[in-house]
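Enquirer: For reference, the structure I am asking about is given below.
The values are calculated or read from the model by the stated rules, or taken from the named source; none is laboratory data. In this text the structure is predicted, and so the values were computed from the model without any measurement. Cβ atoms come from the backbone with ideal geometry, glycine included; neighbour counts cover every protein chain shown. Note: accessible area is taken over every heavy atom of the protein model, side chains too, but ligands, DNA and RNA are not part of it. Shrake-Rupley method; radii C 1.70, N 1.55, O 1.52, S 1.80 Å.
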Amino acid sequence: MSQLRAMRFAGAFFPREAEALRAAVARGLGAVPPLGGAQPRAVVSAHAGYAYSGRFTGMALGAVPQRPARVVVLSPSHRHAFAGIAFPSWEGFDTGLGVLPIAHAALADLAARGLARGEDAAHDNEHGIETQLPFIAARWPGVPVVPLVIGAAAPEAVAAVIDALDAPGTLFVLSSDLSHFLTDAEARRKDAATAVMIERGEGAGLTPAHACGARAVAGWLGARAGQGS
């Protein structure tokens, strides 16, 4: 826990140079006018390269009107196979748009409860977390983050983590794209049906074939927090 983590996917999923990154994030956030009203407790936020999904990441995070006290980012594991839910050891993230500290007290509590564990390998090559961080840093400089990558874990295990972290001022970012490798028409049909499932709270039927972040979304829908408790 002695270092800052630089962005592994800078230059690939999003620009490496600070000004270009700032401009890309601003374009994404510009898709949403300033909002008022109720503060969401969770948002589903896309995590593909910014050329494809920066607009949608901006729409998700731009829809949060107030600065949260902390941000929990839940991502699927795209490249590292493991069981459970993992957090990293470093002190924070150097996003290119500012440093975001990691809320290690929250992670220690999850570990003490047996709900998550430290595993840097789960984060070393994971874009589902990183793509969210420049947007978070631009919107809420210096906000503490709780980065969690979900491996082979039941929705109930994810729900338990969410309920353990739920507290006033906490925002949950459920990092997820929807369908993959379909034609445009097929993707539109499938994604519309997935959206209806999420809107109806049908988390039990969600699979990675619907959304790569299905475990995070299903965990939220099954959690007390996701049910409005």
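Enquirer: Using the per-residue mean of other Cβ atoms lying within 10 Å as a proxy for protection, in what order, highest first, do the peptides 124-132, 104-112, 167-175 fall?
Expert: Working: 124-132: 22.6, 104-112: 15.6, 167-175: 20.9.
Descending mean neighbour count gives 124-132, 167-175, 104-112.
Enquirer: Moving on to the next point. Given a 1.4 angstrom probe, I'd like the percentage of the accessible area of the chain that is carbon and sulfur, rounded to a whole number.
Expert: Values: 5740 of 10140 Å².
Of the solvent-accessible surface of the chain, carbon and sulfur hold 57 percent.
Enquirer: Can you give me the accessible area per residue for segment 1-103, using a 1.4 Å probe, in Å²? Before the final figure, lay out each step's value.
Expert: Values: 4870 Å² over 103 residues.
Value returned for segment 1-103: 47 Å² of accessible area per residue.
Enquirer: With the Cα gyration tensor of segment 50-102 in hand, give its eigenvalues times 5 under a square root as the equivalent ellipsoid semi-axes, listed largest first in whole angstrom.
Expert: Values: eigenvalues 99, 60, 33 Å².
The equivalent ellipsoid of segment 50-102 has semi-axes of 22, 17, 13 Å.
Enquirer: Using a 1.4 Å probe and ignoring any ligands, DNA or RNA, find the accessible area of Phe56 and quote it in Å² to the nearest 10.
Expert: Near enough 100 Å² of accessible area.
Enquirer: Rounded to whole Hz and in sequence order, give me ³J(HN,Hα) for segment 131-137 from the Karplus expression 6.51 cos²θ - 1.76 cosθ + 1.60, θ = phi - 60°, writing x for Gly and Pro.
Expert: 5, 7, 5, x, 5, 4, 5
Enquirer: Any idea what the relative contact order of segment 1-102 is, in percent, if you count C-alpha pairs under 8 Å spaced at least 6 apart? Don't skip to the end; give the middle numbers.
Expert: Details: 115 pairs, mean separation 40.2, N = 102.
Relative contact order, segment 1-102: 39 percent.
Enquirer: Rg to Rh for segment 47-191: what is it, with Cα atoms only and Rh by Kirkwood?
Expert: Values: Rg = 15.2 Å, Rh = 15.8 Å.
The Rg/Rh ratio comes out at 0.96.
Enquirer: As a test question: what accessible area, to the nearest 10 Å², does Met7 have when a 1.4 Å probe is rolled over all protein chains in place?
Expert: 20 Å²
Enquirer: Normalise the Cα radius of gyration of segment 1-61 by 2.2 N^0.38 Å (N = residues in it) and let me know the number.
Expert: Values: Rg = 13.5 Å, N = 61, 2.2 N^0.38 = 10.5 Å.
So segment 1-61 has a normalised radius of gyration of 1.29.
Enquirer: Now a separate question. Relative contact order for segment 18-77: what percent, with Cα pairs under 8 Å and sequence separation of 6 or more?
Expert: Relative contact order here is 40 percent.
Enquirer: Between Gly58, Gly92, Gly49, find the one with the highest GNM mean-square fluctuation for the chain; connect C-alpha pairs within less than 10 Å.
Expert: Greatest mean-square fluctuation among the candidates belongs to Gly49.
Enquirer: For Cα pairs less than 8 Å apart in space and 6+ apart in sequence, what is the mean separation divided by the residue count of the chain, i.e. the relative contact order in percent?
Expert: Working: 472 pairs, mean separation 57.6, N = 229.
The value is 25 percent.
Enquirer: By its C-alpha gyration tensor, with a ≥ b ≥ c as the square roots of the eigenvalues, how is segment 121-178 shaped: rounded for a/c under 1.5, else prolate for a/b larger than b/c, else oblate?
Expert: Details: a/c = 2.00, a/b = 1.17, b/c = 1.71.
It is oblate, given that a/c is not under 1.5 and a/b is not larger than b/c.
Enquirer: Based solely on its DSSP helices, what 222 nm [θ] is calculated for the chain when runs of n ≥ 4 H residues each add -39,500 (n - 2.57) and the sum is averaged over all residues, nearest 500 deg cm²/dmol? Mind showing how you got there, number by number?
Expert: Numbers: 9 runs with 85 residues, N = 229.
Per the formula, -10500 deg cm²/dmol.
Enquirer: Right, next: Where the only charges are on Cβ atoms (+1 Lys, Arg; -1 Asp, Glu), what is the dipole of segment 118-178 about its Cα centre, to the nearest 20 debye?
Expert: 300 debye
Enquirer: Given a 1.4 Å probe, how much area per residue of segment 135-229 is accessible, in Å²? Working shown, then result.
Expert: Values: 4150 Å² over 95 residues.
Using a 1.4 Å probe on heavy atoms only, each residue of segment 135-229 averages 44 Å².
Enquirer: Quick check on segment 2-114: what does the Kirkwood estimate of hydrodynamic radius come out to from the alpha carbon pairs, in Å?
Expert: Values: mean 1/r = 0.0626 Å⁻¹.
Result for segment 2-114, one decimal place: 16.0 Å.
Enquirer: Next question. Search the structure for amide H atoms under 5 Å from the amide H of Ile85, placed 1.01 Å from N in the peptide plane, and list their residues when 5 or more places away or on another chain.
Expert: Arg117, Gly151
Enquirer: Give me, ordered by chain and number, the residues 5 or more places off Phe93 or on other chains with an amide H under 5 Å from its own placed amide H.
Expert: Here Arg5, Leu100, Ile102 satisfy the definition.
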